[in-house]
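The structure appears below as structure tokens.
The values are calculated or read from the model by the stated rules, or taken from the named source; none is laboratory data. In this text the structure is predicted, and so the values were computed from the model without any measurement. Glycine gets a Cβ as well: all are built from the backbone with ideal geometry, and neighbour counts include every protein chain shown.
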Amino acid sequence: MKRPLASAALVWVLSLLAACASVPLPDREGVVLYRKKCGACHRPYAPQEIRAAGWEKTFGEMRNRARLTPAEIDEIRRYLEPDLAPSHGSAPPAS
Ligand code: HEC
């Protein structure tokens, strides 16, 4: 009897694939620029994967690395900031 083993293996492979899939990027204005500028060194993280605490510091560094112009900084902020992961609880990040 080989079939039960084969389907167990299939389930295992599928669950591995699911675990590796990253959170999809929201498809809205800014996504093209974001992928291009912020996906060059690492995959472009979905905003929900980026914690709001520490974001200003991280973005300060990353926008230098990506050599963003002021207009690009604005566009990427508008793209990411509505969906940053809350640091704890569900309170909106202070702004
Ligand atoms: C020149 C390469 C490069 C570019 C371009 C770049 N990054 Fe990064 N990024 C890195 C490296 C290297 C790390 C991991 C090491 C670190 O945290 O310093 C990182 C880490 C991060 C992290 C995780 C930081 C943490 O503390 O968990 C975030 C979020 C991030 N980048 C966002 C961005 C965004 C947004 C942009 C576009 C504005 C961007 N990155 C462009 C190199 C880059």
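Which residues, counting only those in the stretch 41-54, are over 16 Å from Pro86 (Cα atoms) and surrounded by 11 or more Cβ atoms within 10 Å (Cβ to Cβ)?
Step one: of the stretch 41-54, the residues over 16 Å from Pro86 (Cα atoms) are 41-44.
Arg43, Pro44, listed by residue number.
Looking at Lys57, Lys36 in this structure, which one is in a helix (DSSP H, G or I), exposed (fewer than 10 other Cβ atoms within 10 Å of the Cβ) and near the ligand (Cβ under 10 Å from one of its atoms)?
Details: Lys36 fails: exposed (fewer than 10 other Cβ atoms within 10 Å of the Cβ).
None of the others qualify; the one that does is Lys57.
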Quiz item: Mind checking which pairs have a first residue in the stretch 21-42 that is modelled with pLDDT under 95 and a second that is within 12 Å of the ligand (Cβ to nearest atom), Cβ under 6 Å, 6 or more apart or different chains?
Solution: Val23/Ala46; Val23/Gln48; Val23/Glu49
Exercise. Give the stretch 60-85 a look and list any residue that's assigned to a loop (DSSP other than H, G, I, E, B) and surrounded by fewer than 14 Cβ atoms within 10 Å (Cβ to Cβ), or say none.
Key: Arg67, Thr69
